[in-house]
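One structure is given here, and the rest of the page talks about it.
The values are calculated or read from the model by the stated rules, or taken from the named source; none is laboratory data. Here the structure is a predicted model, which is why all the values come from computation and not from measurement. Here the Cβ is made from the backbone with ideal geometry for all residues, glycine too, and neighbour counts use every protein chain on show. Side chains included, ligands, DNA and RNA excluded: accessible areas come from the protein's heavy atoms. Shrake-Rupley method; radii C 1.70, N 1.55, O 1.52, S 1.80 Å.
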Amino acid sequence: MRSLLLRLVRPVEGVRTPRRQAPVPTRPALRSPSICTCRRPLTTSRSYATRSAPALEEEHIPNDADNPADTAVAEGMRSAFSRFAQPVCVITTGGNDVVGRRGMTVSSVVSVSVTGSASLLAFNVRLPSRGLQAMVGPCGFAVHMLRDTPTERALAAYFAAAPIPLDIRHHISPTPLMHALLAGDVGPDDNTAVWEAAGVWEMSEEREGIPMLKKEISTGPILRCSVERVVEVGDHALVIARVHETLRTAGGDRQRDKALVYLHHGFHGVTGSS
């Protein structure tokens, strides 16, 4: 009987008994108070949209006046990035119940992810920004990657609230759009003539009424996006956006198709052979 019991409890040769694994400790999820998902309209202390959402807590970064060394770093950084060619884009949005149609020029658009399930881009906006208030609305916005043409240079300067350079003024055709852009008594937020100029914008209901430049005005790619997250840092907001649709991305002549970039405080054209 004893030999039978020993035979039953003794492990069989060649067969491993499974070991009980110790539970793996789990780390608590990290929470960033400065990040908020924005699939629904986002609001903060600056009221980015109409409906309420979790408020963003701003991350404080000392101003230049707080430390003399910061001033030198800031000046050096501005000088460094002025020598770094950055693509010029115009972002347009149909707005929402609080803010109407808006356009802004940015040179900070970068690709974040290009996977099928998460095609994301990012850019930064100086605060406060009514353009940011408009783009977090339900209709989203469009990113226009500009080409180096007189009209697109004029649009980039206009939506940057900057004077249109004289060398561009002499090379643009006298169209209603150009008359609206050259009007000196109104700014980009108030000039409805720019949005209503004939033959310039496409605003289809299929794309939520987002103003998109017609192909006759710009042949550059257009990305239709919606705000995914907003991170406030100092006096800027980092916007992370999801790309829902791409337009005019195929074709193009590498020798003739000049992309518009911002370099040395001015606009320049760059080709694939540059």
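Of note, Ser129 satisfies the criterion of being out of contact with any strand residue (DSSP E or B) (no Cβ under 6 Å at 6 or more places or on another chain), closer than 25 Å to Gly266 by Cα and at pLDDT below 90. Flag set for Ser111, criterion: within 20 Å of Gly220 (Cβ to Cβ), without any contact (Cβ under 8 Å) to a residue 60 or more places away in the chain and of a type outside the set (A, V, I, L, M). Every residue in the range 64-81 that is part of a helix (DSSP H, G or I) and open to solvent by less than 70 Å² (accessible area, probe 1.4 Å), please. If the condition is that a residue be part of a helix (DSSP H, G or I) and open to solvent by less than 70 Å² (accessible area, probe 1.4 Å), then Asp64, Ala69, Asp70, Thr71, Ala72, Ala74, Gly76, Ser79, Ala80 are the ones that fit.
Report yes if Gly252 is of a type outside the set (D, E, K, R) and modelled with pLDDT under 90, otherwise no. Yes: the conditions hold for Gly252.
Any idea which of Glu205, Glu216 is closer than 21 Å to Gly95 by Cα, without any contact (Cβ under 8 Å) to a residue 24 or more places away in the chain and out of contact with any helix residue (DSSP H, G or I) (no Cβ under 8 Å at 6 or more places or on another chain)? Show your work before the answer.
Working: Glu216 fails: closer than 21 Å to Gly95 by Cα.
Of the residues listed, the single one that is closer than 21 Å to Gly95 by Cα, without any contact (Cβ under 8 Å) to a residue 24 or more places away in the chain and out of contact with any helix residue (DSSP H, G or I) (no Cβ under 8 Å at 6 or more places or on another chain) is Glu205.
Reported count of residues in the range 83-103, each being under 20 Å from the mean Cα position of the chain (by Cα) and under 21 Å from Lys258 (Cα atoms), is 8. Scanning the range 147-199 for residues that are at pLDDT 85 or above and either open to solvent by 40 Å² or more (accessible area, probe 1.4 Å) or among the acidic types (Asp, Glu) (or both) yields Asp148, Thr149, Pro150, Glu152, Arg153, Ala160. Taken over the range 82-107, the residue count meeting the criterion of being without any contact (Cβ under 8 Å) to a residue 40 or more places away in the chain and surrounded by 16 or more Cβ atoms within 10 Å (Cβ to Cβ) is 2. Just one of the numbered conditions (1) of a type in the set (Gly, Ala, Ser); (2) open to solvent by less than 50 Å² (accessible area, probe 1.4 Å); (3) within 21 Å of Glu196 (Cβ to Cβ); (4) modelled with pLDDT of 75 or more is not true of Ser119: (3). Look at (1) open to solvent by 50 Å² or more (accessible area, probe 1.4 Å); (2) modelled with pLDDT under 90; (3) aromatic (Phe, Trp, Tyr) and you find that Tyr262 fails only one, number (2).
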